[in-house]
1. Between residues in segment 171-197 that are on the phi > 0 side of the Ramachandran plot and residues that are buried (at least 16 other Cβ atoms within 10 Å of the Cβ), which pairs lie under 8 Å by C-beta distance while being six or more apart or on different chains?
2. Can you find a residue in segment 165-178 that is under 22 Å from residue 86 (Cα atoms), surrounded by 13 or more Cβ atoms within 10 Å (Cβ to Cβ) and at pLDDT 95 or above?
3. Residue under question is residue 197, and the condition is that it be outside any loop (DSSP other than H, G, I, E, B), within 30 Å of residue 121 (Cβ to Cβ), of a type in the set (S, T, N, Q) and modelled with pLDDT of 95 or more; does it hold?
4. Out of 213, 160, 220, which single residue is hydrophobic (A, V, I, L, M, F, W, C), surrounded by fewer than 16 Cβ atoms within 10 Å (Cβ to Cβ) and modelled with pLDDT of 95 or more?
5. Kindly establish whether residue 161 is of a type in the set (S, T, N, Q) and touching a helix residue (DSSP H, G or I) at 6+ places or on another chain (Cβ under 7 Å).
6. If the Cβ limit is 8 Å and pairs must be 6+ apart or interchain, which residue in segment 199-211 that is within 15 Å of residue 185 (Cβ to Cβ) and touching a residue at least 24 places away in the same chain (Cβ under 8 Å) pairs with which residue that is among the polar types (S, T, N, Q) and in a helix (DSSP H, G or I)?
7. Of the residues that make up segment 174-192, is at least one over 21 Å from the mean Cα position of the chain (by Cα) and either farther than 21 Å from residue 128 by Cβ or assigned by TED's automatic domain parsing to the domain that holds residue 120 (or both)?
8. On the basis of being within 21 Å of residue 85 (Cβ to Cβ), modelled with pLDDT of 80 or more and either exposed (fewer than 12 other Cβ atoms within 10 Å of the Cβ) or within 11 Å of the chain's Cα centre (by Cα) (or both), does residue 152 make the cut?
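The values are calculated or read from the model by the stated rules, or taken from the named source; none is laboratory data. Computed from a predicted structure; not experimentally measured. Using ideal geometry, Cβ is built from the backbone for each residue, glycine included, and neighbour counts are taken over all protein chains shown.
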Amino acid sequence: MGTKSTMKPPAKPARDKPASEFAPARPDVRDEEILRAALEVFSEKGFHGATMLEVANRARASKSTLYMRFENKEVLFTALIAWGTRQGTEALEAIVRDDTLDPLTALHRYAACLLRLMMQPDKLALFRIALGEGDRLPELGKIFSRFTRDHGVKLGHVLATRLVREGLIEIDNPDDYGHSFMGLLQGELYLATLLGTIPRPSDKAIEHHARRAMARLIRAFAPIRKSSRARQS
């Protein structure tokens, strides 16, 4: 008589699932306990070195409880990113939805809020994990970008539409604008903080950096006057 196989069916690739499957907008208390434990373990061991057993032990959960909620390590890490990066996004969305703000004020507030969120210790830890495992597991970088940079740029494009409507900027290539927005916003300040060469800046310093970055962005995409176009042609 043959032995019944206990092998699980292949998990659905993380990149094919919507974010809501990984981390609901309001995860229950047990999920949050597991995700906080996972952040500690992944931060200490990296993605490759972390094990589901260690996460379960840190969360004081059984392995069956862990696997019932997160079917494998990739799904757990993706849920961790979705949950971690979702913290504070309500503030970003509120700025974008606030039609009472003039476009420049909205841009400055959005940029400062986004940079503050990106420079939170937990979010820096998640980025370091994805960066450290990038060569071995490039999919982690794509997952991280999907829930962080891509989301921030998408909301930023909503504000950019208002800036264009007001005649403050011109955008020929939305991708170029998105890259410029994020590159200028992060700059050396974010990189130095990520590498740990400087302590996390104060909120005031972050706001000052974001305002200067957005001033450069507006100058870079300022409309070209007709006379200037004629000379260039």
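1. As it stands, the answer is 187/209; 187/213, since those pairs meet every condition given.
2. No; the residues of segment 165-178 include none that is under 22 Å from residue 86 (Cα atoms), surrounded by 13 or more Cβ atoms within 10 Å (Cβ to Cβ) and at pLDDT 95 or above.
3. Taking the combined requirement at face value, the residue does not satisfy it.
4. One residue alone meets the criteria, 220.
5. No; evaluated as a whole, the condition is false for this residue.
6. Sorted first by the residue in segment 199-211, then by its partner, the pairs are 201/193.
7. There is no residue in segment 174-192 that is over 21 Å from the mean Cα position of the chain (by Cα) and either farther than 21 Å from residue 128 by Cβ or assigned by TED's automatic domain parsing to the domain that holds residue 120 (or both).
8. Spelling it out, residue 152 is indeed within 21 Å of residue 85 (Cβ to Cβ), modelled with pLDDT of 80 or more and either exposed (fewer than 12 other Cβ atoms within 10 Å of the Cβ) or within 11 Å of the chain's Cα centre (by Cα) (or both).
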